[in-house]
Amino acid sequence: EILSGVVDSASILEISTFDEINLAAQPDFETINVSNDYVGIDISIDSNVPMNIEWIVDKKLSDFENQMYQYFADFNVWLPINFSLVNDSTASFQANGPAKFSFLESNDSEKPSLWASINNQTYLEDIYINKNPNITISVYDKNGIDYRTSNLDVGLNGQFDGSLEPTISGSANNLNLDFSPTLTSLDSTLSILMKDATGNISDTFSVDRKS
């Protein structure tokens, strides 16, 4: 179902299935065969429109909560999405434009690793940070990083209010988060929390500015 009023002209919608997934960037992940003949669905549409999708499978979906994943081609990574149950074998979820979906599982329990550079210098606790620094937070996880801003917590002076948004670049396993804040004499700490594709949360990483 394409929501009414969101397109000005007819859009061609096609839903197909696939039976293989490339998980080279997420080696501890495996597909869950919720359907007998395929492992995922591929939604093809010629515009980015919001849609409500219902996917009927052959297994009891209540056994696979939090295990529906969407492929994000910009970073070559599969990330979890929410779905609701219509009944035991039907999942309802939202899509925006073309996308691929599958059910995946992983036993990964390792947290993402974070480190920083300030004005192109490796961050050390006693490094001088000026009022207009270029701060890069680098993130690594062998099974994929959740780069979505909805799952990224950035705080200044302990306030995680969403006021600082980084420019994000990289790939499934290695990301750079670039910040160019304007700091005042009262700004002392930039803190970051990241999730990986399994949902493991990093330790809080902090960049401390000495007065």
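The values are calculated or read from the model by the stated rules, or taken from the named source; none is laboratory data. Bear in mind the structure is a predicted one, so any value in this text is a computation, not a measurement. Here the Cβ positions follow ideal geometry from the backbone for every residue, glycine too, while neighbour counts run over all protein chains shown. Note: accessible area is taken over every heavy atom of the protein model, side chains too, but ligands, DNA and RNA are not part of it. Shrake-Rupley method; radii C 1.70, N 1.55, O 1.52, S 1.80 Å.
Laid out as a table, the results:
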read-out	value
Backbone HN-Hα couplings from phi across region 185-195 [Karplus 6.51/-1.76/1.60, Hz, Gly and Pro as x]	5, 8, 7, 10, 9, 9, 10, 9, 10, 10, 10
Cβ-defined net charge surrounding TYR147, 11 Å radius [Lys, Arg +1; Asp, Glu -1]	-2
Whole-Hz ³J(HN,Hα) from phi, Karplus 6.51 cos²θ - 1.76 cosθ + 1.60, for region 164-179, glycine and proline x	10, 10, x, 8, 10, 9, x, 9, 4, 9, 9, 10, 10, 10, 9, 10
Highest-fluctuation residue, THR90, THR17, THR122 considered, GNM on the chain with Cα pairs under 10 Å	THR122
Dipole magnitude of the chain, debye to nearest 20 (Cβ charges: Lys/Arg +1, Asp/Glu -1, about Cα centre)	700 debye
GNM top mover of ILE129, ILE12, ILE43 - the chain, alpha-carbon springs below 10 Å	ILE12
Extension gain, ASN76 back to ILE56 (0.36 nm per residue minus Cα-Cα distance, nm)	4.6 nm
Local net charge near PRO98, Cβ-Cβ under 14 Å (Lys/Arg +1, Asp/Glu -1)	-3
Residues of region 1-157: accessible area per residue with a 1.4 Å probe, Å²	56 Å²
Note, ³J(HN,Hα) from phi for region 142-152, Karplus 6.51, -1.76, 1.60, rounded to Hz, x at Gly and Pro	6, 10, x, 10, 7, 7, 5, 5, 5, 10, 10
Simple spin-label estimate for ASN130 and ASP178 in nanometres, 7 Å along Cα-Cβ	1.7 nm
Label point 7 Å beyond Cα of PHE160 along Cβ direction - residues of region 54-84 with amide nitrogen under 20 Å	80-82
Residues whose placed amide H lies under 5 Å from that of VAL49, excluding near-sequence neighbours	GLY97
Rough spin-label spacing in nm, given labels placed 7 Å along Cα→Cβ, for ASN66 and ASN120	4.3 nm
Excluding exposed DSSP-loop trypsin sites (Lys or Arg not before Pro) (at most 15 other C-beta within 10 Å), longest clean stretch of the chain	61-130
Förster-model FRET efficiency, 30 Å R0, SER150 and SER92, C-beta, rounded to 0.05	0.95
